[in-house]
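The next block holds one structure in the form of structure tokens; read it before the comments.
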Amino acid sequence: MRYRNKVIFSASIAMVAAMMAVAVYFLFFDSGAPKDVWETSLALSLPCGVSWILIRIGITPFIEWSDTEVTVCNPFFAYHAGLDTVRLLGREGRGGAIELEGIGVVMPWSMTRSIFDSKRANGSRRDLRHAVLRAQKTVESGEGIPATRRLRYGWFDILIVPMLAAFVWAFLP
């Protein structure tokens with residue numbers, strides 16, 4: 001089963017599309033073609049930076065589980081573990097956290113409580129809780145999938161380049 005917050009996903013896509021359209025308008029149609037590379041990087045730095053943040057926070061986080069394993073993709077790290085090595089933790093009204101053996105406490109970003117919380121999110125939390133409890137009861141040996149953590153990166157990280165170029169330009173003598 002996979003859970004992703006669809007409201008945040010849709011709002012992020014709309015915001016990214018609007019910011020890119022405004023940047024293209026101001027870059028090419030408002031004052032003509034850009035004169036040099038620095039002008040282009042300055043015009044694209046803010047929309048690309050905001051788009052990168054929205055993609056990282058609103059679009060890419062998800063949690064996915066099957067009968068034997070769970071994968072949590074937060075904005076910067078991805079965690080993978082056997083479902084039998086997961087321990088459920090309560091988080092004072094903010095959704096559930098899980099503890100992965102060997103890694104520690106992980107807060108699934110896509111399942112945190114927010115103003116967009118719905119019956120679907122609550123149902124997914126309940127389904128994950130039942131899957132974890134079922135997996136812990138059925139496992140006889142302690143040899144599950146070891147928990148791993150890795151840094152996430154993707155195509156969307158290229159959106160940081162114009163912002164970094166603008167910072168370099170700003171601090172050049």
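Looking across the stretch 128-161, the residues that are modelled with pLDDT of 70 or more, in a helix (DSSP H, G or I) and among the charged types (D, E, K, R) come down to Arg129, Arg134, Asp157. Does Phe28 satisfy the criteria of being modelled with pLDDT under 80 and either over 30 Å from Ala147 (Cβ atoms) or of a type in the set (Asp, Glu) (or both)? Yes.
For the stretch 76-93, the condition of being in contact with a Pro (Cβ under 6 Å, 6 or more places away or on another chain) and surrounded by fewer than 17 Cβ atoms within 10 Å (Cβ to Cβ) holds for none of the residues. Open to solvent by 70 Å² or more (accessible area, probe 1.4 Å) and either in contact with a helix residue (DSSP H, G or I) (Cβ under 8 Å, 6 or more places away or on another chain) or assigned to a strand (DSSP E or B) (or both): is that true of Trp38 in this structure? Judged against the criteria, Trp38 is a match.
The values are calculated or read from the model by the stated rules, or taken from the named source; none is laboratory data. Treat the numbers as computed from the prediction; the structure is a model and nothing was measured. For neighbour counting, all protein chains shown are included, and Cβ atoms are generated from backbone atoms with ideal geometry for every residue, glycine included. Only protein heavy atoms, including side chains, enter the accessible area calculation; ligands, DNA and RNA are left aside. Shrake-Rupley method; radii C 1.70, N 1.55, O 1.52, S 1.80 Å.
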